[in-house]
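Readers should treat all values here as calculations from the given coordinates under stated rules, not as data from a laboratory. All values derive from a computational prediction rather than experimental measurement. For neighbour counting, all protein chains shown are included, and Cβ atoms are generated from backbone atoms with ideal geometry for every residue, glycine included.
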Amino acid sequence: MDFQLSEEQRMLQETVREFADRECGPLAAIWDREARVPDARVFEQMVEMGLFGMCLPEAYGGGGQELLAAILCIEQLARISPLCAAGVFESNVGPVRVIERFGTEEQRKKYLPLVCRGKMQISVGMTEAEAGSALTDLRTRAEPDEGGWRINGRKVFCTGGGHSEAYMVYCRFGDTRGAKGIGAMLVEKGTPGLSFGKQEQYMGLRGMPGSDLVFEDCVVPAENLVVEAGGFRSLMECFDIERCGNATMALGIATGALEVARAHALERETFGKKIAERQAIQLLIADMATRVDAARLLVYRAAVNAGAGFPSVQETSMAKVFANETAKAVTDMAMEVLGGYGYSCEYPVERMLRDSRGWPLAGGTMQMQKILIASTVLGRRFDQRK
Ligand SMILES: Cc1cc2nc3c(=O)[nH]c(=O)nc-3n(C[C@H](O)[C@H](O)[C@H](O)COP(=O)(O)OP(=O)(O)OC[C@H]3O[C@@H](n4cnc5c(N)ncnc54)[C@H](O)[C@@H]3O)c2cc1C
């Protein structure tokens, strides 16, 4: 077992780190304050660096790299702000992977190059008002219609809602209840019958757009069917890639908070001494660093073992739960280290703390992830409906 990154991976990490500090560092607070989507120029530079679609196949314009490469980049970007990591996240661990894995050759040829060039962002519409954790209760329906599909229903909390150029929409086909009736359809923005609810106002992640997706007799062509009814398991396998990305967003936030706390501890003096010399502060720093490292090991393990395939449910859920909890705890501890400055909007820690709260809810709650972990450890499936 080798715990070292390769020379190539270290260089990638360093390049993205410098880019994030230089290009996103000065803007992160402004994006948050004004709830503004990052400037296109920032993402264009990342496209030029080859970060968009770096894990998608080279044949479609991607970088052909394994999951860890994108994870390393997302971590470095999220250290500054999850907003600047959003494009690398969506184009490598987002629903585009469903097209890559389960789509038709025509779909791959049509959509993957656009995603790699930063010309198309694809969001996922799974959650409904009555189907969050209980996702298999979803009611958005897709019915055959003159050679295409007619979609009716409403999705909530869609990150990228109104902003993204296309949506991977989980639908119910026919009257089959539960997971067996669920598949996925790609719906492009601008398709008649698709509209968007008001933009979400979240506690954190301000500047990351999100809204309801409203489908009213929205007719999409037959060739937009990506996963047929019965493919829910495949969708969830693919979604574990996104969960690794979610865990990495949390890891990045925790890493950023530790870095800010460390710098402050080495700079701030009280009673004529740097606070870094106080054991109370040292214990906080030690605790933060240990948690961040443990989260990193879990996230990297899930990504490395996934290679170019799907990560394991157990490793992904453990990484997500632990990294999500770490980001909450470490941003809170960073606030302690900074004292009143931690609570001030002039410093990044309060923003990091707010941003850390979104990731445990998105992509499946901590409780649901723990049920999955318990299920694999105990070797039993726990049907939540019985
Ligand atoms: C920032 C953010 C971004 C998001 N982005 C997207 C997106 O892009 N696309 C999308 O489709 N969705 C998105 N979501 C929605 C997200 O996936 C859901 O909010 C999440 O799955 C939880 O569903 P819910 O909100 O309906 O909570 P509920 O399912 O109502 O859960 C409420 C509480 O009950 C607990 N609970 C529920 N059932 C059980 C059980 N059986 N056992 C134990 N505890 C249980 C939950 O853990 C939670 O604590 C996003 C959410 C957030 C906050």
Work through the residues other than residue 275 whose Cβ is under 13 Å from its Cβ and net out their charges, Lys, Arg +1 and Asp, Glu -1. +1
Simple label model, 7 Å out from Cα along Cβ direction - residue 2 to residue 137, nm: 4.9 nm
Fewest to most Cβ atoms within 10 Å: 287, 383, 240, 212 sort as 383, 287, 212, 240
Degrees separating the helix 82-93 axis from the principal Cα axis of the chain, which is the longest one: 40 degrees
With viscosity set to 1.567 mPa s at 4 °C, what whole-number translational diffusion coefficient in µm²/s follows for the chain from Stokes-Einstein and a Kirkwood radius over Cα pairs? 61 µm²/s
Quick one: how many lysine pairs does the chain have with C-alpha atoms less than 22 Å apart and a gap of 8 or more or different chains? Give me the count, please. 14
How charged is the neighbourhood of residue 302? Take every other residue with its Cβ under 9 Å from the Cβ of residue 302, and add Lys/Arg as +1 and Asp/Glu as -1. +1
If I fit a long axis through the Cα atoms of helix 366-378 and take the longest principal axis of the Cα atoms of the chain, what angle between them do I get, 0 to 90°, rounded to 10? 80 degrees
With all distinct Cα pairs included, what does the Kirkwood hydrodynamic radius of the range 233-378 come out to in Å, to one decimal, could you say? 15.9 Å
Counting Lys and Arg as +1 and Asp and Glu as -1, what is the net charge of the other residues whose Cβ lies under 14 Å from the Cβ of residue 206? 0
Placed amide H near residue 219: partners under 5 Å, 5+ positions off or other chain: 151
Restricting attention to the chain, give the cysteines that have no other cysteine Cβ less than 4.7 angstrom from their Cβ. 55, 73, 116, 158, 171, 218, 238, 244, 345
Globularity ratio of the range 172-296, using Cα Rg and 2.2 N^0.38 Å: 1.72
Are there GluC sites (Glu not before Pro) in the range 140-242 that DSSP marks as loop and that have at most 15 other Cβ atoms within 10 Å, and which are they? 146, 228
Sorted largest first, the C-alpha extents of the range 84-237 along its principal axes in whole angstrom are 41, 34, 31
Filter the trypsin sites (Lys or Arg not before Pro) in the range 80-147 down to the DSSP loop ones having no more than 15 other Cβ atoms within 10 Å, then list what survives. 117, 119, 139
Going from the alpha-carbon gyration tensor of the range 1-65, what semi-axes, largest first and in whole Å, does one get by taking the root of 5 times each eigenvalue? 26, 18, 9
Given an 8 Å cut-off on Cα distances and at least 6 residues of separation, report the relative contact order of the range 233-378 as a percent. 33 percent
Please list 3J(HN,Hα) in residue order for the range 51-68, calculated via the Karplus relation 6.51 cos²θ - 1.76 cosθ + 1.60 where θ = phi - 60°; whole Hz, with x for glycine and proline. 7, 6, x, 5, 9, 8, x, 4, 4, 10, x, x, x, x, 8, 7, 4, 4
What number does the range 1-145 give for Rg over Rh if you use C-alpha atoms and the Kirkwood radius? 1.03
